[in-house]
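Everything on this sheet refers to the single structure shown next.
Rule-based calculations on the coordinates, nothing more; no lab input. Computed from a predicted model, the values in this text were never measured in an experiment. A quick note on method: Cβ atoms are made from the backbone with ideal geometry, for glycine too, and the neighbour counts reach across all protein chains shown.
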């Protein structure tokens, strides 16, 4: 009877450690990983390996406003760009005789030598990328852009293209993909660039319209800096910098 109980406890530990209360541990006080732990959860065998898989030449990051970008441009962080275009950079290093083999080229990329960024920028100039925001409910949910290197870890995007993605800048994430074949690159340039998709495919209305971000910025820009000067209780408002400087130079005046 005692042996049967030990066998049952061993089987329970193998299938679901901790089902009897206190989980079994090894000599280093580490909990044994049971069969159920291997297959369940987000990092389990089914969801991690069978139901989902990583896509090569893709990345994901939060989007932020890129005020200096054109409509068809996007800013890629260096960390993402070097991973997406690593094979192209390796080929460029070998062709320019900077590296003699793949191993040396990868070491130069890890060391982030200046020649690496020069080749990366050259590669990116002739290679569009695709940006996608889930859920992709219509055609404009994935569009092509010309990438540029930016600092930081966020993807920069022009605010006028956000409506097609149904995106805003409050923490939304977007995925970036690199089209590899010449046919895919040609399709991206001819059909999927954002400046070629300015109208809604459903009703034909303009899709690139001012949102609340741009409206607020335009109003703020129209209102010039107001300078306030007080002289013995009197308050003056200035809309021009020159007038404000003249007012500040007068006696018994100071700025608020």
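Each peptide in 3-16, 85-98, 137-150 was scored by the mean count of other Cβ atoms within 10 Å over its residues; highest first, the order is 137-150, 85-98, 3-16. In percent, rounded to a whole number, the relative contact order of segment 119-200 is 38, using alpha-carbon pairs under 8 Å and six or more apart.
Per residue, the convex hull spanned by the Cα atoms of segment 58-196 amounts to 105 cubic angstrom. Averaging the sequence gap over all C-alpha pairs within less than 8 Å and six or more residues apart, then dividing by the number of residues, gives segment 1-81 a relative contact order of 14 percent.
Inter-part distance, segment 76-126 to segment 138-177, computed on C-alpha centroids, equals 24 Å.
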